[in-house]
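Notes follow the structure.
The values are calculated or read from the model by the stated rules, or taken from the named source; none is laboratory data. Because the structure is predicted, anything quoted here is derived from the model rather than measured. Note: ideal-geometry Cβ built from the backbone for every residue, glycine included; neighbour counts use all protein chains shown.
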Amino acid sequence: MSALSHSHLNSSTFVLTGVPGLEVYSLWLSIPFSSIYAMVFLGNFMILHVIRTEPSLHQPMFYFLAMLSLTDLCIGLSTVYTVLGVLYGFMQDISLDFCIAQSYFIHGLSFMESSVLLAMAFDRYIAICNPLRYSSIITNDNIMKIGVGISCRSSLLIPPVIIRLKFLNYCRPHILSHSFCLHQDLLRLACSDIPFNSIYALVLVIMNLLLDAVLIIISYIMILHTVLAIASREERMKSLQTCVSHICAVLVFYIPIIGLTMFHRFGKHLSPLVHVLMGNIYILFPPLMNPIIYSIKTHQIRRRVQRLFSLKAV
């Protein structure tokens, strides 16, 4: 056991990992990571500002987009301090309490993003499959209720499994796999009985991420069935066009989660560098890409962004 591992074995702090094998390049790596975080904050602030200041965007679809951008913004804020702290060298250790709090926000916000994507799928389903009732179903009051429901679902189901981390016995070297805290990473260091955490976490994933994904797929099957029944090819394309941005956002969110899960389950023989990169993709890719996707694919957003930066609309 190394001196670093031994010194943290009985302490209440944990060692954050940078990029394994590339520690000497940390300052250089801080440049792309800082740029990515800057783009995450700028992009999502821009989406929120555009929706707030443009009256024509005060529509249900864009209210859901604002929820998505706010969630992505919070995900970036929940990890920026530790990720850049490790790369810049001013933060190596993290307390158990801070680690547990960060884990709560990361997982809670991930569940919240999944729920928002499901709400956006429901919005597209009503708009295309039941357009005559859209204005009576997707009202401002109902949007507010959906937002409250998403917040409660994401924030109230996680505490039992996260709080229990506080009372586990961590007898293995307190070295984390990432520059941020994940529930499964802390479990890996525990010597206590962890069936509750493992089973409860699995149930949460099934009841949130997996269920949301299944419902999103079902909604698009029904949307596709409705669109194919439209006689006009132009109308079919116009209907599908309103779904492209959302489909891209769904893929951007779920593909990294599936990849990270597969790597944790079957990739134990792979280099730690691969796990670290997958963890950072899971955290940063959706918040980075969603503003880009909606700025490119959504005409109203693109036109307003061009006007915001004094560009000529095309």
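Of all residues in region 216-243, how many are surrounded by 15 or more Cβ atoms within 10 Å (Cβ to Cβ) and within 20 Å of the chain's Cα centre (by Cα)?
Within region 216-243, residues that are surrounded by 15 or more Cβ atoms within 10 Å (Cβ to Cβ) and within 20 Å of the chain's Cα centre (by Cα) number 2.
Table: residues versus (1) part of a helix (DSSP H, G or I); (2) touching a Phe, Trp or Tyr at 6+ places or on another chain (Cβ under 9 Å); (3) at positive phi; (4) of a type in the set (Phe, Trp, Tyr).
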{"site": "MET61", "(1), (2), (3), (4)": "yes, no, no, no"}
{"site": "LEU65", "(1), (2), (3), (4)": "yes, yes, no, no"}
{"site": "THR79", "(1), (2), (3), (4)": "yes, yes, no, no"}
{"site": "VAL83", "(1), (2), (3), (4)": "yes, yes, no, no"}
{"site": "LEU87", "(1), (2), (3), (4)": "yes, yes, no, no"}
{"site": "PHE90", "(1), (2), (3), (4)": "no, no, no, yes"}
{"site": "SER115", "(1), (2), (3), (4)": "yes, no, no, no"}
{"site": "ALA127", "(1), (2), (3), (4)": "yes, yes, no, no"}
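Would you confirm whether or not region 9-28 contains a residue that is in a helix (DSSP H, G or I), hydroxyl-bearing (Ser, Thr, Tyr) and at pLDDT 90 or above?
no
Which residue, of SER136, SER154, is modelled with pLDDT under 95, under 19 Å from GLY108 (Cβ atoms) and either within 24 Å of the chain's Cα centre (by Cα) or part of a helix (DSSP H, G or I) (or both)?
The unique qualifying residue is SER154.
Please verify whether region 181-188 includes one or more residues that are acidic (Asp, Glu), buried (at least 17 other Cβ atoms within 10 Å of the Cβ) and within 26 Å of THR298 (Cα to Cα).
No: zero hits.
Quick one: would you say ILE94 is more than 21 Å from HIS246 (Cβ to Cβ), in contact with a helix residue (DSSP H, G or I) (Cβ under 9 Å, 6 or more places away or on another chain) and not in a helix (DSSP H, G or I)?
Answer is yes for this residue.
Let's see how each residue does on (1) free of Cβ contacts under 8 Å to residues at least 60 places away in the same chain; (2) surrounded by 14 or more Cβ atoms within 10 Å (Cβ to Cβ); (3) of a type in the set (Ser, Thr, Tyr):
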position: LEU16; (1), (2), (3): no, yes, no
position: SER34; (1), (2), (3): yes, yes, yes
position: GLY43; (1), (2), (3): no, yes, no
position: VAL86; (1), (2), (3): no, yes, no
position: LEU109; (1), (2), (3): yes, yes, no
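Suppose we keep only residues that are loosely packed, with under 13 Cβ neighbours inside 10 Å and without any contact (Cβ under 8 Å) to a residue 60 or more places away in the chain within region 21-32. Which one would you say is nearest to LEU284 (Cα to Cα)?
PRO32
Within region 138-161, is there a residue that is in contact (Cβ under 8 Å) with a residue 24 or more places away in the chain, within 30 Å of LEU22 (Cα to Cα) and either crowded, with 18+ Cβ neighbours inside 10 Å or out of contact with any Cys (no Cβ under 7 Å at 6 or more places or on another chain) (or both)?
No, region 138-161 contains no residue that is in contact (Cβ under 8 Å) with a residue 24 or more places away in the chain, within 30 Å of LEU22 (Cα to Cα) and either crowded, with 18+ Cβ neighbours inside 10 Å or out of contact with any Cys (no Cβ under 7 Å at 6 or more places or on another chain) (or both).
From LEU251, LEU277, LEU273, which residue is surrounded by fewer than 18 Cβ atoms within 10 Å (Cβ to Cβ), in contact with a Gly (Cβ under 7 Å, 6 or more places away or on another chain) and modelled with pLDDT of 80 or more?
LEU273
The rows are residues; the columns are (1) of a type in the set (Phe, Trp, Tyr); (2) closer than 20 Å to PRO287 by Cα; (3) without any contact (Cβ under 8 Å) to a residue 40 or more places away in the chain; (4) in contact with a Ser or Thr (Cβ under 8 Å, 6 or more places away or on another chain).
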| site | (1), (2), (3), (4) |
| --- | --- |
| TYR81 | yes, yes, yes, no |
| GLN102 | no, yes, no, yes |
| ILE106 | no, yes, no, yes |
| GLU113 | no, yes, no, yes |
| LEU117 | no, yes, no, no |
| MET120 | no, yes, no, no |
